[in-house]
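For reference, the structure discussed in these notes is given below.
The values are calculated or read from the model by the stated rules, or taken from the named source; none is laboratory data. Keep in mind that what you see is a predicted model, and the values were worked out from it rather than measured. So basically every Cβ, Gly included, is an ideal-geometry build from the backbone, and we count neighbours across all protein chains shown. The accessibility values were calculated without ligands, DNA or RNA, using every heavy atom of the protein model including side chains. Shrake-Rupley method; radii C 1.70, N 1.55, O 1.52, S 1.80 Å.
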Amino acid sequence: MTAGIGVPGFLGYEVGAALPTLTQILDGMPPANSPPVTVIAVSGSAYHYSGGGYEIAEALMVDALHAPFPEAMDALVLKPAEMTHSTFAQPLPPNLEATATTGHFADGKELPGHWHVFPEHAAAGLWSTPSDLANLLLLIGRAWRGESRLFLAPETAREMLTPQNGGPYGLGAAVTDAGGSLVLMKRGQNVGYQGYLILFPAEGRGMVVMTNSDNGSVLAESLIRRAAQLYGWPPVGALAD
């Protein structure tokens, strides 16, 4: 989030709409509904939340691995992490549609077609479950503590959980000090869905909340604060984006 790349996020596309290629997304060309991904600041100079930066990372991975991003992530991340109910496939495959939850706007109305399609795989395209994401957090915590190299090398996990260039983010999520304990926090916000995850890697404690509403962050934050009280977590203060 300090690479100086623009485009903070993406709105997705209604089911059945024409979908842009990765090149069209990066160039902001039709049928892409987002602006071009461009440099807006000197790299390393400031924090800018950037979904566009993740699309550049996606392009690099696709070129280097000579494989579609969903297939690469399935092999490199989802299967090793035993995230058996997760996929980056966009649109969602028909055999998984029955298990997907319909998204809702803030006024309670359902999204047309139940959800949006996100060809911006790296920035917004993950379908998952709370249990799968919780398992991922457990694996990150074990690697950070040096207890396992099965999924991530400890040195990689520690770099991920180190603030970059003076910003609030490590490599993938916000990280900060909470009462002397390191804490990782990440909000998830796609149209019709909001959620939150939190991890104290040293203690191996955390939580994942997922909702199918544009109002869901209110519930997610309330649940996390209540869990912090019940389980004696270090004070987290303001929950990060």
Open item on the list: Could you tell me how many of the residues in the range 51-98 are open to solvent by less than 30 Å² (accessible area, probe 1.4 Å) and under 21 Å from Val39 (Cβ atoms)?
Closed with: 6
Open item on the list: Cβ-Cβ distance below 8 Å, separation of 6 or more or different chains: which pairs start in the range 159-172 with a residue that is aromatic (Phe, Trp, Tyr) and end on one that is at pLDDT 90 or above and open to solvent by 60 Å² or more (accessible area, probe 1.4 Å)?
Closed with: Tyr169/Pro163
- [ ] Specify the residue that is nearest to Pro8 (Cα to Cα); the eligible residues are those in the range 25-50 that are buried (at least 17 other Cβ atoms within 10 Å of the Cβ) and among the polar types (S, T, N, Q).
- [x] Ser50
- [ ] Considering (1) over 13 Å from the mean Cα position of the chain (by Cα); (2) at pLDDT below 95, say which one Gly192 fails and leave the rest.
- [x] (2)
TODO: Within the range 145-152, identify whether any single residue is part of a loop (DSSP other than H, G, I, E, B), farther than 23 Å from Pro70 by Cβ and in contact with a Leu (Cβ under 9 Å, 6 or more places away or on another chain), and answer yes or no.
DONE: yes
- [ ] Pick out the one residue from Pro119, Pro91, Pro70, Pro130 that is out of contact with any Ser or Thr (no Cβ under 8 Å at 6 or more places or on another chain), closer than 18 Å to Leu22 by Cα and modelled with pLDDT of 95 or more.
- [x] Pro91
Open item on the list: Scan the range 99-116 and tell me whether some residue there is outside any loop (DSSP other than H, G, I, E, B), open to solvent by less than 60 Å² (accessible area, probe 1.4 Å) and touching a Leu at 6+ places or on another chain (Cβ under 8 Å).
Closed with: yes
Task: Residue match in the range 141-164 (condition: over 23 Å from Tyr13 (Cα atoms), of a type in the set (Asp, Glu) and open to solvent by less than 50 Å² (accessible area, probe 1.4 Å)) - done: no
